[in-house]
Amino acid sequence: MMLTKLVLSTRGFRYWVDSILYHLRYRHGNKRLEVLKNRYRGRPILVVGNGPSLNKTPLDDFRKVFSIGMNKIFLLFPRVKWRPNIILCINNLVIQQSWPDLLKSGIPTFLSWKGRWFIDRSSRKSFNYFLSLPSSDFSSNPLDGVGSAGTVTYAALQFAYFMGANPIILFGIDHSFNCSGTANEIVKMEGPDPNHFDPNYFADGQNWGLPNYQTSELAYRNAKAAFEADNRKIYDATIGGKLDIFPKISVNEARQICNV
């Protein structure tokens with residue numbers, strides 16, 4: 001409890017220090033992110049989550065569509081030919097657990113700058129980074145930072161906005177978790193993981209953070225407002241998803257939009 005209070009009380013200071021270090025050491029060398037600006041203007045892209053619905057989603061039909069994957073999406077690779085074009089990860093626990101596999105994937109991976117400390121020093125330069133901001137405000141320019149609000153999907157939507165994409169199609173954002181406890185609480189997984197597409201996503205005994213529905217939904221509303229203000233759309237094609245923020249479309253409608 002004391003440690004948790006200390007971490008929370010120093011959050012603002014830590015973000016301030018991280019921001020200074022990011023702009024001094026990395027911001028002006030972030031070429032991999034710079035080249036994405038408006039690169040997909042007016043074209044659809046996918047933002048692919050990690051919910052169990054991915055096991056019913058025909059991602060192979062969308063292999064030619066630019067896609068953003070997230071977190072431990074690499075666990076799906078033995079079962080599909082589809083691959084995301086980039087992977088995003090913002091959660092320190094997930095970075096610590098997954099960076100060797102993310103590195104092995106060979107897919108350009110963007111990690112939160114604060115997560116670099118959880119990677120072996122010899123491998124840190126193999127990743128790309130973005131700055132996580134203490135605010136939940138939607139950022140139109142991830143080069144200067146990305147708003148944080150409970151879900152890596154929010155970061156992916158800010159990347160997609162920066163790329164100029166329209167529309168964004170969501171897959172695998174089930175927004176439904178079988179768990180109990182306080183939002184953001186770190187707990188140990190007991191048995192197979194029922195909340196993701198792979199039962200070993202968070203393996204038995206592995207730490208994970210309980211979801212914060214309220215914060216995530218605030219983030220999704222921020223993203224929706226930002227896209228609509230620019231006459232762009234976010235559609236949710238998640239099969240059986242519980243999120244009710246974005247207009248729902250079917251997989252067939254997603255195929256038609258993406259011309260696949």
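The values are calculated or read from the model by the stated rules, or taken from the named source; none is laboratory data. Keep in mind that what you see is a predicted model, and the values were worked out from it rather than measured. When we count neighbours, we look across all protein chains shown, and the Cβ atoms used for this are built from the backbone with ideal geometry, even at glycine.
Contact annotation: residue pairs with Cβ atoms under 7 Å, 6 or more positions apart or on different chains, pairing a residue in segment 133-156 that is in contact (Cβ under 8 Å) with a residue 60 or more places away in the chain with a partner that is among the hydrophobic types (A, V, I, L, M, F, W, C) and part of a loop (DSSP other than H, G, I, E, B), are Ser136/Ala149; Gly145/Leu131; Gly147/Phe138; Val152/Ile90; Thr153/Ile173; Ala155/Ile90.
Does at least one position in segment 91-114 carry a residue that is within 21 Å of Arg14 (Cα to Cα), small (Gly, Ala, Ser) and part of a helix (DSSP H, G or I)? Checked against the condition, which is being within 21 Å of Arg14 (Cα to Cα), small (Gly, Ala, Ser) and part of a helix (DSSP H, G or I), segment 91-114 yields no hits at all. Here are some conditions: (1) over 13 Å from the mean Cα position of the chain (by Cα); (2) without any contact (Cβ under 8 Å) to a residue 40 or more places away in the chain; (3) closer than 22 Å to Val146 by Cα. Thr109 meets all but one. Which one does it not meet? If we test Thr109 against (1) over 13 Å from the mean Cα position of the chain (by Cα); (2) without any contact (Cβ under 8 Å) to a residue 40 or more places away in the chain; (3) closer than 22 Å to Val146 by Cα, just (1) comes out false. Could you grab me the full set of residues in segment 76-96 that are closer than 20 Å to Ala155 by Cβ and out of contact with any Ser or Thr (no Cβ under 9 Å at 6 or more places or on another chain)? Hits for segment 76-96 are Leu76, Leu93, Val94, Gln96. Filtering Thr109, Thr151 for residues that are surrounded by 22 or more Cβ atoms within 10 Å (Cβ to Cβ), under 25 Å from Pro167 (Cα atoms), in contact with a Ser or Thr (Cβ under 7 Å, 6 or more places away or on another chain) and of a type in the set (Val, Ile, Thr) leaves a single hit, Thr151. The C-beta contact set for segment 30-49 (first residue crowded, with 17+ Cβ neighbours inside 10 Å, second residue of a type in the set (Phe, Trp, Tyr) and part of a loop (DSSP other than H, G, I, E, B), distance under 8 angstrom, 6+ apart or interchain) comprises Tyr40/Phe66; Ile45/Phe66; Leu46/Phe66. From the list Ala225, Ala254, the lone residue that is surrounded by 18 or more Cβ atoms within 10 Å (Cβ to Cβ) and in contact (Cβ under 8 Å) with a residue 24 or more places away in the chain is Ala254. Among the residues in segment 140-150, are any part of a loop (DSSP other than H, G, I, E, B), modelled with pLDDT of 95 or more and among the charged types (D, E, K, R)? No - not one qualifying residue is present in segment 140-150.
Looking across segment 84-98, the residues that are under 15 Å from the mean Cα position of the chain (by Cα) and either surrounded by fewer than 23 Cβ atoms within 10 Å (Cβ to Cβ) or under 19 Å from Asn200 (Cβ atoms) (or both) come down to Asn85, Ile86, Ile87, Cys89, Asn91, Asn92, Leu93, Val94, Ile95, Ser98.
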